[in-house]
Amino acid sequence: YSRGNIEMSHFVKVEDFQITSLSALESAASRIDCVFSEDTEARYYEGTKCVDYTIHVPNCEWDIAILKTDKLTENGDRIYNLEADFYGSNGKVLREKIEKLRQFYPIELAKEIANQEGYIVEEEIDSDGNINLDIYISEEL
């Protein structure tokens, strides 16, 4: 936003969206044509910021930052948060991508956990655009 002659960015931590699996986040990012990266510099309005990982968004000058927190789940898994600069048209693109990540990350996490437990997972999208997961017991279990 602009205050007088000073332009300010809106770098926002998305605290209500906690990530516990980077591989599920990478899969979710891929589904929305973004690229999970181990780059440690996220681009934003005022330059770059050191982060743990990034998600590069096509046709956007800025990135979604992924930051480790000090928090752990009950299972001992590290919790990560997303951050992004929500200023202007690039910020609008990032907000939209984060909302898509909110949709696809839980799906990818459920698939990952089921696969780790030896289940077979099939995904279907119905005519209304709803995503359904069918999880089957593997014959090997």
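The values are calculated or read from the model by the stated rules, or taken from the named source; none is laboratory data. Only a predicted model underlies this, so the values are computations on that prediction, with no experimental measurement involved. Note that we place each Cβ from the backbone using ideal geometry, even for glycine, and neighbour counts take in every protein chain shown. Heavy atoms of the whole protein, side chains included, go into the accessibility calculation; ligands, DNA and RNA do not. Shrake-Rupley method; radii C 1.70, N 1.55, O 1.52, S 1.80 Å.
Suppose every K and R has +1 on its Cβ and every D and E has -1 on its Cβ; what is the size of the dipole of the chain about the Cα centre, in Debye to the nearest 20? The partial results should precede the final answer.
Numbers: 14 positive and 30 negative charges, 168 e Å.
Here the size comes out at about 800 debye.
Could you give the distance between the Cα centres of the range 25-56 and the range 81-135, to the whole Å?
16 Å
Excluding L67 itself, calculate the net charge of residues whose Cβ lies under 14 Å from the Cβ of L67, where each Lys or Arg counts +1 and each Asp or Glu counts -1.
It works out to a net charge of -4.
If you average 1/r across every pair of different Cα atoms in the chain and take the reciprocal, what Kirkwood value do you get, in Å? Intermediate values should be presented prior to the final figure.
Details: mean 1/r = 0.0607 Å⁻¹.
Result for the chain stands at 16.5 Å.
So what is log10(I(q)/I(0)) for the range 44-86 at q = 0.18 1/Å, when the Debye sum runs over its Cα atoms only?
Treating every Cα as an identical point scatterer, log10 I(q)/I(0) equals -0.57.
Could you order D70, D16, D85 so the one with the most accessible surface comes first? Probe is 1.4 Å.
Values: D70 155, D16 120, D85 0 Å².
These residues rank, largest area first, as D70, D16, D85.
Magnitude of the Cβ-charge dipole of the range 51-134, K/R +1 and D/E -1, about the Cα centre, nearest 20 debye? Walk me through the numbers on the way to the answer.
Values: 9 positive and 19 negative charges, 89 e Å.
In total the dipole reaches around 420 debye.
Report the calculated FRET efficiency for E15 and S89 (r = Cβ-Cβ distance, R0 = 25 Å), to the nearest 0.05. Walk me through the numbers before you get to the answer.
Details: r = 24 Å, r/R0 = 0.97.
Efficiency, rounded to the nearest 0.05: 0.55.
Using only protein heavy atoms and a 1.4 Å probe, report how much of R43 is accessible, in Å² to the nearest 10.
R43 has an accessible surface of roughly 90 Å² with all protein chains in place.
To the nearest 10 degrees, how steeply does helix 22-31 sit against the main Cα axis of the chain, on a 0 to 90 scale?
Computed tilt is about 80 degrees.
Calculate the spin-label point distance for I120 paired with R102, positioning each point 7 Å from the Cα along the beta-carbon direction, and give it in nanometres.
That separation, rounded to one decimal, is 3.5 nm.
Counting only protein heavy atoms, what percent of the accessible surface of the chain is carbon or sulfur at a 1.4 Å probe? Please report the intermediate quantities before stating the final value.
Details: 3770 of 8640 Å².
Percent of accessible area from carbon and sulfur atoms in the chain: 44.
Give the accessible area for E61 in Å² (nearest 10); use a 1.4 Å probe, count only protein heavy atoms, and leave out ligands, DNA and RNA.
The accessible area comes out at roughly 120 Å².
Got the relative contact order for the range 1-104 handy, in percent, Cα pairs under 8 Å and 6 or more residues apart?
Values: 197 pairs, mean separation 29.8, N = 104.
Computed value for the range 1-104: 29 percent relative contact order.
Against the longest principal axis of the chain, how steep is helix 88-116, in degrees 0 to 90 to the nearest 10, with axes from Cα atoms?
The answer is roughly 20 degrees.
Test of understanding: in a Gaussian network model of the chain with alpha carbons linked when under 10 Å, which of D39, D77, D63 would top the mean-square fluctuation ranking?
D77
Over the alpha-carbon set of the range 76-141, divide Rg by the Kirkwood Rh and report the Rg/Rh ratio to two decimals. Display every interim value, and only then the final one.
On the way: Rg = 16.2 Å, Rh = 14.4 Å.
In the range 76-141, Rg relative to Rh is 1.12.
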